[in-house]
1. So, in the range 22-35, of the ones that are at pLDDT 90 or above and in contact with a Phe, Trp or Tyr (Cβ under 7 Å, 6 or more places away or on another chain), which residue ends up farthest from residue 67 (Cα to Cα)?
2. With the condition being touching a Pro at 6+ places or on another chain (Cβ under 9 Å), aliphatic (A, V, I, L, M) and surrounded by 15 or more Cβ atoms within 10 Å (Cβ to Cβ), I'd like the strands (runs of 3 or more DSSP E) fully within the range 1-63 carrying at least 2 qualifying residues.
Amino acid sequence: MFETDPEVQQLDGSLVDGVWEGDLVVYHDNGRVRHSGSFVNGERCGPWLENRDVEPPEDLYDERKQEVESMGLYPAWPT
């Protein structure tokens, strides 16, 4: 939860022995997704979405373009 508003979720993820594991979603304080992706043994893997801007662009095309441009690709999940 955000320190400034304990009613608003700041992130959703799991720590296993102090290491991120599985899906993680971090939110801006207005509820927009800031980061989302997956971890295996504390390492980012697969596609990650990173929205630095708190507010999305007003135009839907520009919003989708921003999402694609901000996507990071990490190594695939180990088998």
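1. Once the filter is applied, the top-ranked residue is 22.
2. Filter on the range 1-63 gives an empty set.
The values are calculated or read from the model by the stated rules, or taken from the named source; none is laboratory data. All values derive from a computational prediction rather than experimental measurement. Note that we place each Cβ from the backbone using ideal geometry, even for glycine, and neighbour counts take in every protein chain shown.
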